[in-house]
Amino acid sequence: MGGCCSGAARAGESPVPVGAKSFAVRGRAAQTIAVKGGESFVGTHEPVIASDGEGPERKVWLQDFHLEVEAVTVARFADFIEATGHVTESERFGMSAVFSPLLKNQALVTGGVVNTPWWTRVDGASWKEPEGPGSSIEERLDHPVTHVSWHDAAAFAAWVGGRLPNEAEWEHAARGGNQKRRYPWGNEEPSDTRIFCNIWQGQFPRHNTLADGFFATAPARSFEPSEAGFYNLAGNVWEWTADSFKVRSLSKAAKLRNDQAKKSADKVLKGGSFLCHESYCYRYRIAARMGLSPDSASSNMGFRIAYDVLS
Ligand SMILES: [Cu+2]
């Protein structure tokens, strides 16, 4: 069984990899894991949501790379803002998409989102006021930053001297190499009582049993890390990748969507979020994906940083 991650924890060792390093050239250090490249694959031959383009499985060749163990936190993003004066797109647009049950002040609701009444456009919502004016990040400094667009994520990545991973790298790291794994922890299905990650438990969106301990985001380092040492690749927040969103499968419907997707500049997000549940959004699987325009942002989207291996 060829694990892909050098310096990664093996059975019996500490879950935090011994060989982990930090590559960030600016801002506070973040731990990375060296991931061995080579032949791998992206996607699956058994798509669950075929219209998302989960299939077919395709061979890819990957260079070695490094990937941070956790999503970029609020605290780290705050350093970036302070150092660069970067203004996020949510701040420029003056609003972001907030998961409605998080809103204590319903007066902030300025408009819903079609077909998904649990999303609300909130004026003034941004990475530092995630539920709009008066809300605070103080108790969430170790959570993944949210309300960041792809452009914001790319700007942060450039600042630290890294980049966003591409989809194949993200999947490869999540599977622990060239293994057929459905989830970063293996193949066992999470359920409302078997908890592996931060997703929804209960009747979405009315009732969350909180069996995993979190209504919305959890700290970026929570739950058991994968064998390789990565935290929360599945669940918690969607993670932006470098790739443009295309539907790869060849069904007619998918082809049509592909033609539409080709015209759009949508980017791929991976991993699902605290809102996913098998009953309506079964997207915390490794092969699952979502495409969104690079200026979109919301309560459940963040990112993590990859680095090239410099020789
Ligand atoms: Cu979901």
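Evaluated against (1) closer than 18 Å to GLU54 by Cβ; (2) under 18 Å from the mean Cα position of the chain (by Cα); (3) in a loop (DSSP other than H, G, I, E, B), HIS147 falls short on exactly one condition, (1). The residues of segment 60-103 that are among the hydrophobic types (A, V, I, L, M, F, W, C), in a strand (DSSP E or B) and within 24 Å of TRP118 (Cα to Cα), listed by number, are MET95, ALA97, VAL98, PHE99.
Among the numbered conditions (1) at pLDDT 90 or above; (2) outside any loop (DSSP other than H, G, I, E, B), the only one that SER51 does not meet is (1). Can we say LEU250 is under 11 Å from the mean Cα position of the chain (by Cα) and either within 16 Å of the ligand (Cβ to nearest atom) or at pLDDT below 95 (or both)? No; evaluated as a whole, the condition is false for this residue. Of all the residues in segment 211-247, those that are assigned to a loop (DSSP other than H, G, I, E, B), under 13 Å from the mean Cα position of the chain (by Cα), under 22 Å from ASN187 (Cβ atoms) and within 16 Å of the ligand (Cβ to nearest atom) number 5.
Could you check segment 292-311 and list, in sequence order, the residues that are farther than 19 Å from GLY213 by Cα and within 13 Å of the ligand (Cβ to nearest atom)? Walk me through how you get there before you give the answer.
If we filter segment 292-311 for residues that are farther than 19 Å from GLY213 by Cα, which is where we start, we get 292-298, 301-311.
Residues satisfying the conditions are LEU292, SER298, MET301.
Starting from residues that are part of a loop (DSSP other than H, G, I, E, B) and among the basic types (Lys, Arg), keep the ones in segment 263-291 and report whichever is nearest to the ligand (Cβ to nearest atom).
We begin by selecting, within segment 263-291, every residue part of a loop (DSSP other than H, G, I, E, B); these are 264-266, 271-289.
Adding the requirement that they be among the basic types (Lys, Arg) leaves 283, 285, 289.
Values: ARG283: 4, ARG285: 10, ARG289: 11 Å.
Result: ARG283.
The values are calculated or read from the model by the stated rules, or taken from the named source; none is laboratory data. Being a predicted model, the structure only gives us computed values, none of them experimental. Here Cβ is always computed from backbone atoms with ideal geometry, including for glycine, and neighbour counts include all displayed protein chains.
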